[in-house]
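K.L.:
The structure under discussion is supplied below as structure tokens; questions concerning it will follow.
We did not get these values from a lab; they are worked out from the coordinates using the rules stated. Computed from a predicted structure; not experimentally measured.
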Amino acid sequence: MLIKNKGKNSGEVNKSLIVVVALVLIGVGIVGPKLDIFNNETVIVNNGVELIKPSDPELLKHCEEVTKALRNGSGDRTTDAKRLSNLYTDLSTLYGLDETIKTTEEVRNANSLAGAMLRMNIGGLYPNLTKACTDLVASQIGTKRIPLDGEIRKKTINAFKALAWACNEGSK
């Protein structure tokens with residue numbers, strides 16, 4: 001709420017104040033997400049989920065391979081990697097639903113089906129991407145068919161959030 005000034009230039013002052021506030025807000029909106037003043041973690045909001053740079057060195061190593069595979073691929077990586085990041089964010093949410101996916105094999109099947117449903121047609125455009133993504137997931141949940149108990153479910157969610165983060169990094 002603006003305080004009304006009873007002087008003859010009050011309308012001009014109020015308009016000027018509104019313009020200044022609008023410009024500041026636009027500036028913060030443009031620059032704000034790039035500011036990293038308060039912590040050293042990269043936090044990005046993707047489909048309502050925060051993507052945080054993994055702190056686990058092994059997981060981060062796998063993320064770097066995913067990012068590298070994207071950056072060494074097609075020139076369309078900005079769009080493709082963002083779509084993959086959104087997909088992996090959505091999958092991390094799906095795997096958090098307790099009764100939807102019950103085994104690690106179902107995780108792998110849902111992942112392959114979701115990729116096909118996007119119809120991205122990126123096969124061959126990003127050499128080593130499939131292997132890098134598979135290795136990252138396997139590093140967290142293994143390659144055997146086991147039930148998703150509480151701990152494995154958490155690892156699955158973390159793996160797919162890490163994939164989303166890595167893909168987002170690969171889009172840059």
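K.L.:
Under a 5 Å amide H to amide H cut-off, with H placed in plane at 1.01 Å, what residues pair with L51 once short-range neighbours are removed?
P.N.:
I44, V45, N46
K.L.:
Another question, if that's okay. Where does segment 43-170 land on Rg(C-alpha)/(2.2 N^0.38 Å)?
P.N.:
0.97
K.L.:
Next question, about the same structure. Sequence gap at least 6, Cα distance under 8 Å: using those rules, report the relative contact order of segment 43-170 to the nearest whole percent.
P.N.:
Answer for segment 43-170 is 47 percent.
K.L.:
Report the Stokes-Einstein translational diffusion coefficient (µm² s⁻¹, integer) for segment 48-108, Rh taken as the Kirkwood radius over Cα pairs, at 20 °C with viscosity 1.002 mPa s.
P.N.:
Working: Rh = 13.4 Å.
Roughly 159 µm²/s, to the nearest whole number.
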